[in-house]
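What follows is one structure encoded as structure tokens, with my remarks underneath.
The values are calculated or read from the model by the stated rules, or taken from the named source; none is laboratory data. Quick caveat, the model's predicted, so the values are computed rather than measured. Because the Cβ atoms are built from the backbone with ideal geometry, glycine has one as well, and the counts that use them run over all protein chains shown.
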Amino acid sequence: MARVWKFSDSINTDDILPGKYAPFMVGADVFHKYAFHHFRPEFALEVQPGDLLVGGKNWGLGSSREYAPKALKRLEIGGIIAKSFARIHYRNLLNLGIPAFDSLEIPDLLEDGEIVTYDRDAGIITRSSGEVLRLPPPPEFLREALKAGSILEYYKQFQKFPGE
């Protein structure tokens, strides 16, 4: 089971983890506890491993600071579904092994706080009503990287990048 955490358009990296809570400011062991601190102070306390973040257009815009997606990794987010992603942030998510799905329709269908069943490998979200939502399948190289844990972990294991 996964809880849906719904956000609006244009969530930037400072919204995800405000700069004053960067690891070098508060400590590498606690920085993730400030994720979305200004938008939803309860988020880091209540989020559970496998929960889904859902957003609108241009998720992750702004600075390419890697500690914003690193905080989400530490919190064991199950994936992010947004209408579109800022390019560098999208790559940072994938580098860290956080599944990121582009979908124009699914963010409008899911409700904040909704409990769903999420099968990342099959790319399926099942709502309590029984409605099945199919996520756009990631390319094969990305599925390989996610199975290994991240693009970096894939490289460490196989001494090449996925798809090479």
- Query: Across the range 13-39, what is the total count of residues that are crowded, with 16+ Cβ neighbours inside 10 Å and not in a helix (DSSP H, G or I)?
  - Reply: 6
- Item | Checklist (1) under 20 Å from E153 (Cβ atoms); (2) surrounded by 20 or more Cβ atoms within 10 Å (Cβ to Cβ) applied to L52, failing item | (1)
- Between a first residue in the range 71-89 that is over 28 Å from D29 (Cβ atoms) and a second residue that is of a type in the set (K, R), which pairs have beta carbons less than 7 Å apart while being 6 or more apart in sequence or on different chains? K83/K57; S84/K57
- Note on the structure: Wholly inside the range 41-113, helices (runs of 4 or more DSSP H) that include 3 or more residues that are charged (D, E, K, R) are 67-74
- Query: Does V116 fit the bill of being at pLDDT 95 or above, surrounded by fewer than 17 Cβ atoms within 10 Å (Cβ to Cβ) and of a type in the set (A, V, I, L, M, F, W, C)?
  - Reply: no
- Item | Residue satisfying condition, being more than 22 Å from S103 (Cβ to Cβ) and either within 13 Å of the chain's Cα centre (by Cα) or not charged (D, E, K, R) (or both), within set F24, F36, F85 | F24
- Mind checking whether some residue in the range 124-131 is charged (D, E, K, R), modelled with pLDDT of 95 or more, buried (at least 18 other Cβ atoms within 10 Å of the Cβ) and more than 12 Å from the chain's Cα centre (by Cα)? no
- Message: Tally up the residues in the range 40-49 that are buried (at least 16 other Cβ atoms within 10 Å of the Cβ) and either more than 15 Å from I77 (Cβ to Cβ) or touching a Phe, Trp or Tyr at 6+ places or on another chain (Cβ under 6 Å) (or both), please.
- Response: 1
- Message: Just to be sure I understand the filter: pairs with C-beta atoms under 9 Å, separated by 6 or more residues or on different chains, first member in the range 132-153 and basic (K, R), second member at pLDDT 90 or above. Which pairs pass?
- Response: R134/I106; R134/G123; R134/I124; R134/I125
